[in-house]
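Student: Starting off with a structure, shown below.
The values are calculated or read from the model by the stated rules, or taken from the named source; none is laboratory data. What you are looking at is a predicted structure, and each value in this text was computed from that prediction instead of being measured. Heads up, the Cβs are rebuilt from the backbone with ideal geometry, glycines too, and the neighbour counts pull from every protein chain shown.
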């Protein structure tokens, strides 16, 4: 890791004189969960370098939109903490500065996390946490998790008794929930957006009506038709029944684990079972640190990120504050004895970053509507997917094929 000693900091400060309203002072935007950790780092940074750091607390959902207004006006932060799927919008609007030092230390992070914060070959974020869905099972009902979906279907049928309110497998895909349906689509080679030659996502290469996507939704429809998956299942129903001990297996993410533990369920977590010999690839969500393109203190901010954030101690502190799997390998290894961490890390390793380009906003509704039509059998899968992609193309301004 590159280090900057005390002799270098005055040079960095001098280079910034006159460039902004608060030269030589770092401002960090983060939510209330991360704020206490950032405040500790701020005090350490100031003690070492004599540079003030102000932590400004915002709602997590407000940070991205506020940056678009405050950044260009010279009132934004130097550093912000947010989700990787903000990246496309922020980069497209010229709001983020590349983190050049990440090229030298990227091997210290989970690969999919670095990929998530990359736009083509350029890295724009320092990742700290990952999340992906996996199979969560009740060990009292399902002693060993199924390795294949054929096994899952067999186990689920044995456990399912709707009249008794007992189910073998539940998912909120019929809600509809495209996010949870993606592993079915990706397992057979389906995708949302393909990639251009430069490695960036191509919004006009839409793969939700390709043969792989069709095979995936046909498997979902099979689960409904064979009585394995109730067509009216939503997230509250799924988690509620599981936490009452009335569901053997569910498909969801680490955000559900806290309530499962409170309910006293004897649970385990496993990778999503293979589908016709194929490995499902769930969406991976990543959170991390980004640098505003309007920062008057870019060099100082990079020192802060590289020396004070990209450390095992900081990553473990962030994990303890909000138990999402660390993206920093040394921290991940430190907590890997936890089987929950192990399982979600294995699932994320198979996954792909959720698309971060702005056009993704035009995908969810049409995709969800197609799922609803399919699971309620109002439209055949091929037609529903074809119509959905046509709607997406129209919404995001791509010509038809």
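Student: Would you confirm whether any residue within region 255-277 is touching a strand residue (DSSP E or B) at 6+ places or on another chain (Cβ under 7 Å), buried (at least 16 other Cβ atoms within 10 Å of the Cβ), in the same structural domain as residue 170 (by TED's automatic domain parsing) and over 29 Å from residue 319 (Cβ atoms)?
Tutor: yes
Student: Here is a list of conditions, (1) surrounded by fewer than 22 Cβ atoms within 10 Å (Cβ to Cβ); (2) touching a strand residue (DSSP E or B) at 6+ places or on another chain (Cβ under 7 Å); (3) more than 30 Å from residue 200 (Cβ to Cβ), and residue 97 meets all of them except one; can you say which number that is?
Tutor: (3)
Student: While we're on this one: Considering only residues of region 68-104 that are modelled with pLDDT under 90 and assigned to a helix (DSSP H, G or I), which is farthest from residue 310 (Cα to Cα)?
Tutor: Looking at residues that are modelled with pLDDT under 90 and assigned to a helix (DSSP H, G or I), I get 69.
Student: While we're on this one: Got at least one residue in region 232-240 being crowded, with 22+ Cβ neighbours inside 10 Å and in contact with a helix residue (DSSP H, G or I) (Cβ under 7 Å, 6 or more places away or on another chain)?
Tutor: Looking through region 232-240, none of the residues is crowded, with 22+ Cβ neighbours inside 10 Å and in contact with a helix residue (DSSP H, G or I) (Cβ under 7 Å, 6 or more places away or on another chain).
Student: Would you kindly identify the helices (runs of 4 or more DSSP H) lying entirely within region 293-401 that contain at least 1 residues that are free of Cβ contacts under 8 Å to residues at least 24 places away in the same chain?
Tutor: Helices (runs of 4 or more DSSP H) meeting the threshold: 312-321, 329-334, 339-350, 364-375, 381-396.
Student: Here's another thing I want to ask about it. Please specify each residue of region 17-67 satisfying the condition of being part of a loop (DSSP other than H, G, I, E, B), under 30 Å from the mean Cα position of the chain (by Cα) and crowded, with 16+ Cβ neighbours inside 10 Å. Even if it seems obvious, please write down each step before you answer.
Tutor: Start the filter on region 17-67 by keeping residues that are part of a loop (DSSP other than H, G, I, E, B), which leaves 17-25, 31-34, 50-52, 58-59.
Narrowing further to those that are under 30 Å from the mean Cα position of the chain (by Cα): 31-34, 58-59.
Of everything in region 17-67, those that are part of a loop (DSSP other than H, G, I, E, B), under 30 Å from the mean Cα position of the chain (by Cα) and crowded, with 16+ Cβ neighbours inside 10 Å turn out to be 31, 34, 58.
Residue by residue, here is whether (1) in contact with a strand residue (DSSP E or B) (Cβ under 9 Å, 6 or more places away or on another chain); (2) crowded, with 20+ Cβ neighbours inside 10 Å; (3) modelled with pLDDT under 95; (4) assigned by TED's automatic domain parsing to the domain that holds residue 233 holds:
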position	(1), (2), (3), (4)
155	yes, yes, no, yes
158	yes, no, no, yes
176	no, yes, yes, yes
190	no, yes, no, yes
198	no, no, yes, yes
